[in-house]
Amino acid sequence: MPHLVLYKPPVEEQRDENNNLLVAAQTGGWYVQEAEDGHTHDIEDYIIELSKLFEKEKEEDILSEAMVEFKSCLEKESESIEKGKESYDFVLGEQWDSSQKSKLNNRNRAALTVNEIAQNVDELSGYQREQRTDIHFLPVEEGDNSVATILNTVVRVILDNCFFHREESKAFEEAVITGRGNYNIYIDRLKDIRGNIIIERFPFDQVTYGEHEKEDLSDCEILFKHKMYSRKKLEQLYPKKIEEISNSFNFLLNKSSTHNDISKDPYSLTNADSSSMIVLGTKLVDITKKEYRLIERWLKVYVPSFVIASPSLNFYFNAFGWASEDIDLVRKMGDEKFSIIERQETRMRITRFCSGILLSDEYTDNEDFYMIPIYGKKYGNRFLGKVENVKDPQRIVNFHYSQLIDIINKMIAHVWFYDSNTFSKPSEKAKFLKNSSTPGSAFELMNSDRPPRREEGANFPSGIAEVVMGASNKIKELFNITVAPGGANESGQALMQKQKLRLTGNSYLFDNLSFAKQLLGRKIIKLIQKYYRPERIYRILKAQNLQEPVSVNGKPLDEYSEESIITLLQTSDLEMYDVAITESGSSPTSRMNTYLMMKEMAQAGQQIPPELMIEFADIPKSVKNKVLERMSEINSQNSEIAKTNQESEETKTLIAAGIIPPKVQAKLQQQSM
C-alpha cells in the first residue's frame, strides 16, 4: 500500500501569564504518513533526482557543445580582455612598443618611462582602502531584528576568516585597471568537512561571461571559469581520469612538432595533435610546463516546478522535484484551501573538461551563479577601466620626456676650439682632452694669450617642458582625481565633504562596488542557510561573544539559553526574512570622520551620548571596552545617588507635612530598641 503525503499546519508558540512555555513553535509542512508496519520515509525521499529530469548525452556531444560555447564567449569579450592585459602592463611600467623602443636604443636615443598611471591607480585604490565598509543587515520589520543581528555576527566571522577586505581591494583595483574585477564564492571542505564559505578575488582574464546587460547576471545564461593546472594536480583532483589524462599528454607530446589553432576548428579537441592548443589567444595545453587548462562551465537550466499554496493559511510550499503523480494526488485531495501553481526554476549544470577529456558533468541545486562581477564601465560585451583612456596621454608623456632628454643632451653640450699651436706638446693636448672639466687642472700652452676657446650650447626651449606638463596634467584630469588644499584645523564635516568632492568623477566605481557587495550579501545568506546548521551558528555566536559582547534583540547573548537560540534558528528561514543589505564603515578613516562630526554636533549643543562617540573613536578595542565599562559603572552610581537624593527630598516633604514615612518609622523603632 503506498504511503500518503499529508499536510500538517504550523503551530505558534504559546506561553502562560508567567511566560512559561506551554506549546513550542512548530513549522508546518508536508510529511509522509506511516505504513501499517510503522515504517515511514522522509519527504526528501520522494524528490526526483535532478539529473533524471534531463536526457543523458554522449560525452563527445557534451564536449563539442561546451567548447563551441567557450569559444563564443571568448570571442565576445576577447578584445576587452586583451586591452585589460595591456592596461596591467601600463600600470607595471611596460608602456613602450618593443620594436619602437629597440629602434631608439639602437640610435642611442632615450626611451624613458615616466609612470604616471600607477600613482593615479594607487590614489583610487588607497581611497577605497581608507573607506572600507562591512556588509550590514538591517531589519525591515521589527520581528526580523534578531535574524539581522545573527546575520551580522555570522557574516562578519565568515568574511574575516577569508581576509575579505584584502580580496575586495584587489578586485576593486582590478576593476579600476581593466574594467572588471570578480568575487568568486565557493565552499571549502579542507579545514572543515561541513564546508566553509570562502570569498576570493578571481582574475579578470580567467572568467568569461555569456551575453548580459544586467550586472547582477540575472539575464546571463552561461559563464566559464578557466585556469592552468599541472598534470599531476589534475590527476589528484580526478583520480578516475588518470588514464585518460596520461594518454592525452603522451599523445600530445609525440605530436608536439605541429601547431594547431583551435579557433579554426573548435571540434578538434578530441583529435588534437598539437603541443599548444589555443583559443583566441588562450592556451589550452602547455606541454613544456606539463599543464592543462581546466575549464568549468556554469550553465543555467530550467526545470518545471510546483508550489502548493494556501493564501488563507499564509502557506506556500515549494514542491520542487516532486513527481507529477504526487502533485496529482494533491490536486485530487479536494481541499479548496490548497492550489497548485506551476512555474520554472533555474538550476546550474556544472561541466568540467580539459584537452578533450570530460572530467565531470553534474546538475546541481545551485539556483544562481556564484561569481559576481565588479565593473568599471560596461557597454554591451565591452568593458573598460580607468587606464584605457589614459594610454595615449601616457605614451605622449614618455615620448616627450625622452625627447626632452635627447634635446638636453645635445643642447647643453659645450664645444672647445684649439689649433695645432695651442699646446706646447702632444702630451699636454691629451691631458687637456681628458681633464678639461676637472677643477684645478693645469696645462702647458704654447702661448698663454691664446688658450683653448669654449663655446656654450643653445638655450633650452621652455615650450617643450610645457608640452610635457600638459600631457601629465591630462592624465590626472582623465582619472578624475581632484586634490584640494586643506587647512590645519578643518572640521570633520569639511573633511568628509572634501573626500566626496575629491573623487566625484569616479563615483560610479564605488557605486558598482557597493552593488556587488549587496549581491554578495544575498548569496552568503543562501549559503548559510544551506551549509550552516543552527548548532554551528550558535557556536559562532558564542565564540564571538567571548571576544566582543553579542546582543540579540537588545538582550545580551548570555541571557539566552542555547536551546532558545537554536529554536529561533530552526524556526527562521534566513533566506526568506525581510532584511535590507547595507554597508557600515569599518576603516579607521571613516570611523574617525564620523567621530569628528559627532564631536562638532556635541560642541554645538546637540545631545550626543558619550558612549556613542566612544564607539566611533579610533582607539584599541580593549581600551574602548574598558572605557565603556567604566562609563556604565559611573552612570549606575550616579543613578543610585540621584535616586537616594530624590527619596531624601520626598521624606523631608512628608515629615514637614506631619507624615512619617514607613521606612523612617521602622528606623526609629530600631533605634529605640
Requested in this report: Work out from phi, with θ = phi - 60° and the Karplus expression 6.51 cos²θ - 1.76 cosθ + 1.60, the ³J(HN,Hα) of each residue of region 293-306, listed in order in whole Hz, and give x for Gly and Pro.
Outcome: 8, 7, 10, 10, 9, 10, 10, 6, 10, 10, 10, x, 9, 9
Query - trypsin sites (Lys or Arg not before Pro) within region 126-204, DSSP loop, no more than 16 other Cβ atoms inside 10 Å - result: Arg189, Lys191, Arg194
Requested in this report: Using DSSP to define loop residues, name the chymotrypsin sites (Phe, Trp or Tyr not before Pro) in region 57-133 whose beta-carbon has at most 15 other beta-carbon atoms within 10 Å.
Outcome: none
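Please give the peptides 526-532, 418-424 ranked by average Cβ packing (other Cβ atoms within 10 Å per residue), highest first, as a rough proxy for protection.
Numbers: 526-532: 16.7, 418-424: 13.1.
The packing order, highest mean first, is 526-532, 418-424.
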Report task. Quick one: which residues, 5 or more positions from Glu583 or on another chain, have an amide H under 5 Å from its amide H? H modelled 1.01 Å from N in the peptide plane, none for Pro or chain starts. Result -> His136
Requested in this report: Report ³J(HN,Hα) in whole Hz for each residue of region 508-524, in order, from the Karplus equation J = 6.51 cos²θ - 1.76 cosθ + 1.60 where θ = phi - 60°; Gly and Pro get x.
Outcome: 5, 5, 6, 5, 5, 5, 5, 4, 4, 5, 5, 4, 4, x, 5, 5, 5
Report summary line: Pseudo-spin-label distance Ile407 to Asp419, built 7 Å along Cα→Cβ, given in nm, is 3.7 nm
Requested in this report: Pull up all non-local amide H partners of Gly321: gap of 5 or more, or a different chain, and H-to-H distance under 5 Å with H placed in the peptide plane.
Outcome: Phe306
Query - Part-to-part distance (alpha-carbon centres) for region 234-254 and region 107-162, which is given in Å - result: 41 Å
Requested in this report: Pop out the ³J(HN,Hα) list for region 146-160 in order, Karplus 6.51 cos²θ - 1.76 cosθ + 1.60 with θ = phi - 60°, rounded to Hz; leave Gly and Pro as x.
Outcome: 5, 5, 4, 4, 5, 4, 4, 5, 5, 5, 4, 5, 4, 5, 5
Query - Farthest toward positive dipole pole in region 98-230 [+1 Lys/Arg, -1 Asp/Glu at C-beta], among Asn105, Asn182, Ile117 - result: Asn105
Query raised in the report: What ranking do 639-650, 540-551 get when scored by the average of other Cβ atoms within 10 Å per residue, highest first?
Result: 540-551, 639-650
Requested in this report: Could you pull out every residue, at least 5 positions away or on a different chain, whose amide H is within less than 5 Å of the one on Asn182? Hs are placed 1.01 Å off N in the peptide plane, and Pro or chain starts have none.
Outcome: Phe202, Ile374
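Place the peptides 439-446, 61-68, 517-524, 553-560 in order of packing, highest mean first, counting for every residue the other Cβ atoms within 10 Å and averaging per peptide. List each step's numbers first, then the result.
Values: 439-446: 10.8, 61-68: 16.5, 517-524: 18.9, 553-560: 12.4.
Final packing ranking: 517-524, 61-68, 553-560, 439-446.
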Report task. For region 98-148, report the convex hull volume of the alpha-carbon atoms normalised per residue, in Å³, without decimals. Result -> 116 Å³
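We did not get these values from a lab; they are worked out from the coordinates using the rules stated. All of these numbers come straight from a predicted model, not from anything done at the bench. Here Cβ is always computed from backbone atoms with ideal geometry, including for glycine, and neighbour counts include all displayed protein chains.
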